[in-house]
Amino acid sequence: MKMNCFVIFLIVAISSSVVLSYDIAYGLYMPQYPDELLESSDIIIVGTVIETKVRNETMHYTFSNSTHLDVKQEYTMERTVHKVLVEEYLKNTLNWNDTLVDAYEPVIGTPGGSSTMGKTFENDDRVLLYFYKDTNEYLPESFKVPQECSAKDALTEKRLWFVDYNYEIMQNDLKFNGTDPYPVRYVAINDPIHFVYRYDADSMTGKSIDATLKIRWSSSDQLESETILQQDITLDSKMCEFIAHEEWEFNPTKEGDYRITISIKDDLNSQPIFSTSLDAKLDVDAAYSIPPLKQYHVGIKGHEAWCKEGLFLILKNDDTSNIVYDNHPACVTKNTLEKLIERNWGFVR
């Protein structure tokens, strides 16, 4: 049975006094992975939100004007502040001993100043918060932790950000996951394809996400196309884990391009959260047997060419400056590869 009280884990590096003035840098925020947060933060706490207020704060930002002079401006902004009853310090490089911490909603700078990131909590939430020194603003990666979950285990629980490869596509001995060397993914017709898709639910409560899977086929000449599958799927996650996933199979029955997309259900304004294409062939072995130079002539860069199993890709050096030319790829055995590198004929990229 799930409990109503959640824990907030915080990484904090602030004093217990209220600070109402901040200097904001602006730009895109790049999320950090759990191991990076554990290393870079100064304070990490887990505790319970006992009070939430919205305060007007004085903010400052600096920009360069048309004469390239730095101009400082001041403005006020509404910002949520949580009072957190500390359950445990999971990291404490500043030797804090406060039992109550004021934790400020994170903001991100914009060319016109700054704005809040919308990462707030509710009273009675159990939370884990990250802080750097000299600020009482918790990091955007801070999150709620159910009572059933270990705070220490939550610190290292796997996350997926937008730069991660979050899928696997398998057919017999073929396997694609975004790290494979094939710019064109050939699969065989009349042979089932198994998909595994993973999504960060941004919750440890066993959250499920309703989505729509769509597979659309088009002929190689792009003159014909049709939707061959469109169905609702549910991305399920387990309690105390962030990653939700779903698996399914489909069988391509004719040659052509298969575009697979996944979209969050009922979110008409969003772009698909996943999209990839497969090229179905009657003879997939022949498709993967194209020599690297022929691959180049159909538009595949030399350093992205693929080789048969047991062979290795090497790129030829320029005779005078050792610059790699993309139009001189070759697939060779390991023994030949070592000899060619030794003779400075080429090298592996």
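The values are calculated or read from the model by the stated rules, or taken from the named source; none is laboratory data. Note that the structure is a prediction, hence the values are computed from the model and not measured. Every residue, glycine among them, receives a Cβ derived from its backbone with ideal geometry; neighbour counts consider all protein chains shown.
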Would you pick out the residues in the range 25-66 that are modelled with pLDDT of 85 or more, among the hydroxyl-bearing types (Ser, Thr, Tyr) and closer than 28 Å to LYS83 by Cβ? SER40, SER41, THR48, THR52
Determine if the range 159-168 includes at least one residue that is touching a strand residue (DSSP E or B) at 6+ places or on another chain (Cβ under 6 Å), surrounded by fewer than 20 Cβ atoms within 10 Å (Cβ to Cβ) and without any contact (Cβ under 8 Å) to a residue 40 or more places away in the chain. yes
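Which of the residues that make up the range 86-133 are of a type in the set (A, V, I, L, M), in a strand (DSSP E or B), modelled with pLDDT of 85 or more and surrounded by 15 or more Cβ atoms within 10 Å (Cβ to Cβ)? Please lay out each step first, then the result.
Step one: filter the range 86-133 for residues of a type in the set (A, V, I, L, M), giving 86, 90, 94, 100-101, 103, 107-108, 117, 127-129.
Applying the additional criterion that residues be in a strand (DSSP E or B) yields 86, 90, 100-101, 103, 107-108, 127-129.
Narrowing the set further to residues that are modelled with pLDDT of 85 or more leaves 86, 90, 100-101, 103, 127-129.
Passing the criteria: VAL86, LEU90, VAL101, ALA103, VAL127, LEU128, LEU129.
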Provide a single number: the residues in the range 216-234 that are over 27 Å from the mean Cα position of the chain (by Cα) and either outside any loop (DSSP other than H, G, I, E, B) or farther than 17 Å from ASN251 by Cα (or both). 11
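Run down ALA201, ALA188 and say which single residue is closer than 30 Å to ASP279 by Cβ, out of contact with any Asp or Glu (no Cβ under 6 Å at 6 or more places or on another chain), among the hydrophobic types (A, V, I, L, M, F, W, C) and not assigned by TED's automatic domain parsing to the domain that holds VAL49.
Working: ALA201 fails: closer than 30 Å to ASP279 by Cβ.
Answer to the check: ALA188.
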Quick check on my filter: what residues within the range 228-254 are without any contact (Cβ under 8 Å) to a residue 24 or more places away in the chain and either touching a His at 6+ places or on another chain (Cβ under 9 Å) or over 19 Å from ALA188 (Cα atoms) (or both)? GLN230, GLN231
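Take the range 235-246 and flag every residue that is in a strand (DSSP E or B) and either surrounded by 16 or more Cβ atoms within 10 Å (Cβ to Cβ) or at pLDDT below 95 (or both).
Scanning the range 235-246 gives LEU235, ASP236, ILE243, ALA244, HIS245, GLU246.
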Give the range 271-313 a look and list any residue that's modelled with pLDDT of 80 or more and surrounded by 13 or more Cβ atoms within 10 Å (Cβ to Cβ), or say none. PRO272, ILE273, PHE274, THR276, SER277, LEU278, ASP279, ALA280, LYS281, LEU311, PHE312, LEU313
For the range 73-99, pairs from a residue that is not assigned by TED's automatic domain parsing to the domain that holds LEU128 to a residue that is of a type outside the set (S, T, N, Q), with Cβ under 9 Å and 6 or more apart or across chains, are none
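Kindly establish whether ASN344 is surrounded by fewer than 14 Cβ atoms within 10 Å (Cβ to Cβ), at pLDDT 80 or above and assigned to a loop (DSSP other than H, G, I, E, B).
Values: surrounded by fewer than 14 Cβ atoms within 10 Å (Cβ to Cβ): yes; at pLDDT 80 or above: yes; assigned to a loop (DSSP other than H, G, I, E, B): yes.
It is true that ASN344 is surrounded by fewer than 14 Cβ atoms within 10 Å (Cβ to Cβ), at pLDDT 80 or above and assigned to a loop (DSSP other than H, G, I, E, B).
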In the range 171-200, which residues are crowded, with 17+ Cβ neighbours inside 10 Å, modelled with pLDDT of 90 or more and either in a helix (DSSP H, G or I) or under 22 Å from the mean Cα position of the chain (by Cα) (or both)? PHE195, TYR197, ARG198, TYR199, ASP200
What are the residues in the range 314-340 that are over 26 Å from TYR186 (Cβ atoms), modelled with pLDDT of 85 or more and either aromatic (Phe, Trp, Tyr) or in contact with a strand residue (DSSP E or B) (Cβ under 7 Å, 6 or more places away or on another chain) (or both), if any? LEU340
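Please work out if LEU139 is outside any strand (DSSP E or B) and assigned by TED's automatic domain parsing to the domain that holds ASP257.
Considered against the rule, which asks whether it is outside any strand (DSSP E or B) and assigned by TED's automatic domain parsing to the domain that holds ASP257, LEU139 comes out as no.
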